[in-house]
1. Top to bottom by accessible area (1.4 Å), largest first, where do 91, 67 land?
2. With all protein chains present and a 1.4 Å probe, how do 245, 178, 278, 68 order by accessible area, largest first?
3. Under 29 Å Cα-Cα from residue 257, which lysines qualify once same-chain neighbours fewer than 8 residues away are excluded?
4. What dipole magnitude, in Debye to the nearest 20, does the chain give about its Cα centre under +1 on Lys/Arg Cβ and -1 on Asp/Glu Cβ?
5. Which aspartates and glutamates does residue 238 reach when only Cα atoms under 19 Å apart count, and residues fewer than 8 places away in its own chain are ignored?
6. Relative contact order for the chain: what is it in percent, counting Cα pairs under 8 Å that are at least 6 residues apart?
7. Using θ = phi - 60° and the Karplus relation 6.51 cos²θ - 1.76 cosθ + 1.60, list the HN-Hα couplings for region 189-195 in order, rounded to whole Hz, with x at every Gly or Pro.
8. Quick check: convex hull over the Cα atoms of region 1-85, volume per residue in Å³, rounded to an integer?
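The values are calculated or read from the model by the stated rules, or taken from the named source; none is laboratory data. Since this is a predicted model, take the numbers as computed values, not measurements. No Cβ is skipped: glycine too gets one built from the backbone with ideal geometry, and neighbour counts run over all protein chains shown. Quick note on the areas: whole protein, heavy atoms, side chains included, nothing else; ligands and nucleic acids left out. Shrake-Rupley method; radii C 1.70, N 1.55, O 1.52, S 1.80 Å.
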Amino acid sequence: MAVMNENYCNLKESYLFSQIAAKVAAFVANNPDKKVIRMGIGDVTLPLAPAVVDAMKKAVEEMGVKETFRGYGPEQGYDFLHEALVRYYKEHGVELATDEIFISDGAKSDCGNITDIFNNANTILVPDPVYPVYVDTNIMCGRNIVYINGTPENNFLPMPDDSIKADVVYLCSPNNPTGAAYTKEQLEAWVAYALKNDAVILYDAAYESFVVDPAIPRSIYVVEGAKECAIELCSLSKTAGFTGTRCGYTVVPKALKRKAGNGQEMSLNKMWLRRQTTKFNGVPYIIQRGAEAVFSEQGQKECQEMLEFYRENAKIMMNTLTKKGIKFYGGVHSPYIWLQCPNGMGSWEFFDYLLEKLAIVGTPGAGFGKMGEGYLRLTAFGSREGTIEAMERIEKNL
Ligand code: MLT
């Protein structure tokens, strides 16, 4: 008799964004005449950069020619992409070796998959509000999860203290969902906490390219000691419009070592390589050539233009919210605007109000944890026309 994983009984019925998609689909079916503006899931709307498309086309051609065709690639990614990433990190003040970078199909998958190399007895620390993947994937393993609160008082940037007992810490900066970004000093405090407690930080840097202030770190490795305590997860989804194309990367430094349950010292880099070579066959060659082009001079120029476009959307949104006297966070180093629901409304109540009355889709803050109650997240990834229209609807009707 097959016995199933009972930890799944402890999960909510459905994944947050699937739940929202179902609600929106029902609304669209019942209101075919309404123009729905989607500012919910952080999905990009601009097409891939021309430099990326050209590189992919060239790679497709290579795949159709006997001499240049490629079958299985290295599970951890091709060296041409590792080398491009080593150069990119170097520009931001971080030295990495090519074999410390693992190419994947995105940060969401790696956030979940990385749980494989940790013992289930670990206590997991997550900030609340939080990207639900960190929580759900650890519930699936039956792990003990403790929370640290993000509040308006700490600008949604919770900090460690000695009372917190945790072995694995998830941090996301710039943050999903709040848009808040840690300073270098704040990250130093987290690194000091991890080193003191032999903990490991899982640092989600998927939104690093939105940082506009050079004083805000784009990688945790600018902090001394971080290579001894942190894994960094990153993605091209938001940086270069790869949400549908799928390509990300995870950095596991060779200096990162911890003991296994039997006392044996383990290299996390070797463990992750072993995990990936066993369970993953790598990202397609065509996609990796496209990803390489993101880091070329032309690719960077084109991707920066895309980021500027989304930043301008965020400015339009922030102007309207300011005019309406609605308190919000984020929007500067982030495509997300985290706003306080007006008139004391709850998150889902305001979500329903926005959808039913204004045909605007947001993401209820409560979906990111109990500290998100009373907040709602909007994204700046929409079209210019859609963003302006949504803000006009808000300006007139809220
Ligand atoms: C979000 O909307 O939070 C993100 O798009 C989800 C993701 O990146 O998986």
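1. Largest to smallest exposure gives the sequence 67, 91.
2. So the residues, ranked largest to smallest area, are 278, 68, 245, 178.
3. 90, 108, 165, 184, 196, 227, 270, 279
4. 520
5. Residue 238 reaches 43, 105, 110, 204, 208, 213, 292, 297, 302, 305, 308, 312.
6. 23
7. Values per residue, Gly and Pro as x: 5, 5, 5, 4, 4, 5, 5 Hz.
8. In region 1-85, the Cα hull volume divided by residue count equals 290 Å³.
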